[in-house]
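The values are calculated or read from the model by the stated rules, or taken from the named source; none is laboratory data. In this text the structure is predicted, and so the values were computed from the model without any measurement. Using ideal geometry, Cβ is built from the backbone for each residue, glycine included, and neighbour counts are taken over all protein chains shown. Please note that ligands, DNA and RNA were not included when accessible areas were found on the heavy atoms of the full protein model with its side chains. Shrake-Rupley method; radii C 1.70, N 1.55, O 1.52, S 1.80 Å.
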Amino acid sequence: MRFTKVTVAAIGLLGAALIGTAAPAGAASGEAFSPTVEIAQPWLADTATASGVEGDVGIQQTADGAIKWMADRRGSTAYEGYCERAVRLAWNRSTHHASAIDHWRSSDGARHTTGTPPRGAFVFWNISQWGHVGIADGNGGFWSTSVGGKIGHPGSLSYFNNYLGWKYGNSN
């Protein structure tokens, strides 16, 4: 059988359609299932953005906008355990990393281990198997989740142990 680009494309679309409608392993027949729901990786969902900031994409794509996003949520516990998600939403990023340590180890930006992180940079710690990430304020402090159990602004990178370094912030 000879395959053409059209045949391969049709097979690919059919396969994608079948995969997209398949129920997860162990789902009972007749059980409601939506392929758009992230069951195993809730930190990848973008459902928690605030309506006051959603339409203002231009501001979120700057260091000042990312910091404002975090500052507007000071005291919130909504992102506990989801630091990578919080910084991704703050920067309005389309790039997803499963965890802060995956972000640090990725080729998504050069790693810097010395110097004061510039305003808006991602700052990383190795505090668990998932790591931790925040957004630098440019003065040696940062905005982050897990500051006393909520989003906060410590004045020093030494607030958490095992500082790894920083990467430039961006909205890619």
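Peptides 159-169, 78-88: what's the order by average Cβ count within 10 Å, highest mean first?
On the way: 159-169: 17.9, 78-88: 21.5.
In decreasing order of mean packing, 159-169, 78-88 become 78-88, 159-169.
Summing Lys, Arg as +1 and Asp, Glu as -1, what charge do residues with Cβ under 13 Å from the Cβ of residue 130 carry, residue 130 excluded? Before the final figure, lay out the partial values.
Details: positive: 85, 105; negative: 80, 84, 102.
Once positives and negatives cancel, what remains is -1.
Could you order the peptides 96-102, 111-117, 122-128 from most to least packed, using the average number of other C-beta atoms within 10 Å per residue?
So the peptides 96-102, 111-117, 122-128, ranked by packing, come out 122-128, 96-102, 111-117.
In whole percent, and with a 1.4 Å probe on the protein chains, what portion of the accessible area of region 64-172 is carbon and sulfur? Intermediate results must be reported in sequence, preceding the final value.
On the way: 2190 of 4720 Å².
Percent of accessible area from carbon and sulfur atoms in region 64-172: 46.
Within region 128-158, find all residues whose amide N lies under 19 Å from a label point positioned 7 Å from the Cα of residue 116 along Cα-to-beta-carbon.
Only 134-144, 153-158 fall inside the zone, counting backbone N under 19 Å.
Convex hull over the alpha-carbon atoms of region 91-172: what's its volume per residue in Å³?
Residue-normalised Cα hull volume stands at 89 Å³.
Per residue, how many Å² of accessible area does region 60-156 show with a 1.4 Å probe? Working shown, then result.
Numbers: 3980 Å² over 97 residues.
Solvent-accessible surface per residue comes out at 41 Å².
Taking H placed 1.01 Å from N in the peptide plane, check which residues at least 5 places from residue 164 or on another chain put their amide H under 5 Å from its amide H.
The answer is 124, 125, 126.
Expressed in nm to one decimal, what extension gain is obtained for the pair residue 102 and residue 150 from 0.36 nm per residue of sequence separation less their Cα-Cα distance? Don't skip to the answer; put the middle values down first.
Numbers: separation 48, 0.36 × 48 = 17.28 nm, distance 2.22 nm.
Net length gain for the segment: 15.1 nm.
Tabulate in residue order the Karplus-calculated ³J(HN,Hα) for region 95-104, using 6.51 cos²θ - 1.76 cosθ + 1.60 with θ = phi - 60°, rounded to whole Hz; enter x for Gly and Pro.
Each residue's phi maps through the Karplus curve to give 6, 10, 10, 5, 7, 5, 5, 5, 4, 4 Hz.
Subtract the Cα-Cα distance of residue 158 and residue 71 from 0.36 nm times their separation in residues, and report this length gain in nm to one decimal.
Values: separation 87, 0.36 × 87 = 31.32 nm, distance 1.98 nm.
Taking residue 158 through residue 71 to full extension adds about 29.3 nm, to one decimal.
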